[in-house]
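*Asks:* Pasting a structure here, questions to come.
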Amino acid sequence: MSSAPTPQFAVIVPVAPERHAMVFDSLRTLGQSGPRAEVVVERGSNVSRNRNAAIWRSRAPILAFTDDDCAVESDWLLSAQRFFAEHPEFDAVGGPQLNLPGEGALGRAIGHALGSRFGTCRTRHRFKRGALRLAATQCDLTSANLFITRAAFERWGPFDERLWPNEETALLQRIERDGGRIAYDPSIVVRHQRRDSFARLVRQCFGYGRGRARQWRIEGTQLPALEQFVPLAFLLYTAALPAALQLSVAAAAPIAVYAAITLLMSTAAALRQRDARVGVLLPAVFAVLHLAYPAGILFELMRAPRLEQPAGAVFPMPNASPVDSGSS
């Protein structure tokens with residue numbers, strides 16, 4: 001009796017406990033055409049551990065990662081297959097995570113802010129269609145839309161289970177620093193559900209900041225990069241502004257310049273997209289991105305570090321007992 005042929009892709013889906021995973025609706029359409037794939041699901045509260053456990057149980061030579069609140073495009077695997085056929089020497093590739101169709105005004109505003117230089121600086125390529133980049137970095141890709149060869153994962157993995165978020169940036173950074181090759185392909189697209197309230201957006205950005213600071217602590221990074229230093233300085237300035245104004249009204253000059261730039265960017269976006277509601281919401285969205293993220297960094301840096309063991313090797317993983325898993 002012959003065994004089933006090995007699939008080309010293993011789609012790794014971590015799912016939070018008791019959470020409905022909207023991504024399965026789009027994944028079901030992938031089997032109708034295109035390359036053969038297995039879908040490996042792992043439930044649990046630690047996303048990095050979920051991914052490691054699912055990878056351990058998968059067979060395919062290329063690992064495809066997405067999130068449970070995404071919808072993959074119908075040609076998602078075909079586009080990745082085409083890329084690796086044309087560039088077999090690459091270790092990892094990913095593409096943008098764009099807005100879902102039918103997003104509300106807040107979701108549209110968040111998507112625009114994330115994809116703008118003013119909103120997210122170097123990481124903006126993660127959230128917008130750009131040009132093909134054959135010299136991409138960890139700033140260009142996210143785990144919501146990422147492909148890594150199994151050979152590369154065996155060499156540079158696993159995901160560090162002390163990290164979430166930022167587990168994928170740490171892995172990509174290891175690949176990058178060790179001479180691996182990473183690419184950004186705008187034809188590889190997923191649609192990501194944006195937060196539906198400012199409170200949830202604040203929690204998301206605060207969590208990303210905590211993840212970045214935790215990554216620094218684990219890696220022994222001494223100084224933040226420019227894209228983190230500027231928001232940190234802005235947060236500290238904003239916190240000190242009430243006291244500074246008691247000394248001189250000139251202390252308000254930087255915040256006035258920031259407000260003017262924010263208004264200009266928001267108005268331009270509203271006119272370009274013909275969406276007045278986006279223009280109204282964008283100033284607040286920009287403010288959340290620029291304040292909640294560095295607040296998360298500071299919060300994590302001020303916490304007493306807990307003594308934790310680094311993640312063990314993922315091949316094999318004797319302690320990876322699936323909580324709730326399945327493949328197709």
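The values are calculated or read from the model by the stated rules, or taken from the named source; none is laboratory data. Since this is a predicted model, take the numbers as computed values, not measurements. Virtual Cβ from ideal backbone geometry, glycine too; neighbours counted across all protein chains shown.
*Asks:* Within region 115-137, how many residues are part of a loop (DSSP other than H, G, I, E, B), surrounded by fewer than 21 Cβ atoms within 10 Å (Cβ to Cβ) and not hydrophobic (A, V, I, L, M, F, W, C)?
*Replies:* Of the residues in that region, 5 qualify.
*Asks:* Considering region 8-23 alone, what residues qualify as being buried (at least 17 other Cβ atoms within 10 Å of the Cβ) and in a loop (DSSP other than H, G, I, E, B)?
*Replies:* GLN8, ALA21
*Asks:* Look at ALA151 and say whether it is more than 30 Å from SER266 (Cβ to Cβ), part of a helix (DSSP H, G or I) and outside the structural domain of THR221 (by TED's automatic domain parsing).
*Replies:* yes
*Asks:* OK, next. Of the numbered conditions (1) closer than 30 Å to ALA292 by Cβ; (2) part of a helix (DSSP H, G or I); (3) more than 20 Å from the chain's Cα centre (by Cα), GLY102 satisfies every one except a single condition; which is it?
*Replies:* It is condition (2) that GLY102 fails.
*Asks:* Let me ask something else. Can you tell me which residues in region 132-148 are closer than 16 Å to PHE84 by Cα and either outside the structural domain of GLN81 (by TED's automatic domain parsing) or within 18 Å of the chain's Cα centre (by Cα) (or both)?
*Replies:* Selection gives ARG133, ALA136, ASN145, LEU146, PHE147, ILE148.
*Asks:* Buried (at least 21 other Cβ atoms within 10 Å of the Cβ), part of a helix (DSSP H, G or I) and among the hydrophobic types (A, V, I, L, M, F, W, C): which single residue out of LEU78, LEU30 fits that description?
*Replies:* Among LEU78, LEU30, only LEU30 is buried (at least 21 other Cβ atoms within 10 Å of the Cβ), part of a helix (DSSP H, G or I) and among the hydrophobic types (A, V, I, L, M, F, W, C).
*Asks:* Can you confirm whether region 84-95 contains a residue that is at pLDDT 95 or above, within 30 Å of VAL278 (Cα to Cα), in contact with an Asp or Glu (Cβ under 9 Å, 6 or more places away or on another chain) and buried (at least 20 other Cβ atoms within 10 Å of the Cβ)?
*Replies:* Yes; the residues of region 84-95 include at least one that is at pLDDT 95 or above, within 30 Å of VAL278 (Cα to Cα), in contact with an Asp or Glu (Cβ under 9 Å, 6 or more places away or on another chain) and buried (at least 20 other Cβ atoms within 10 Å of the Cβ).
*Asks:* Evaluate region 143-162: report whether one residue or more is within 16 Å of TYR293 (Cβ to Cβ) and either modelled with pLDDT under 95 or in contact with a helix residue (DSSP H, G or I) (Cβ under 8 Å, 6 or more places away or on another chain) (or both).
*Replies:* No: region 143-162 contains no residue that is within 16 Å of TYR293 (Cβ to Cβ) and either modelled with pLDDT under 95 or in contact with a helix residue (DSSP H, G or I) (Cβ under 8 Å, 6 or more places away or on another chain) (or both).
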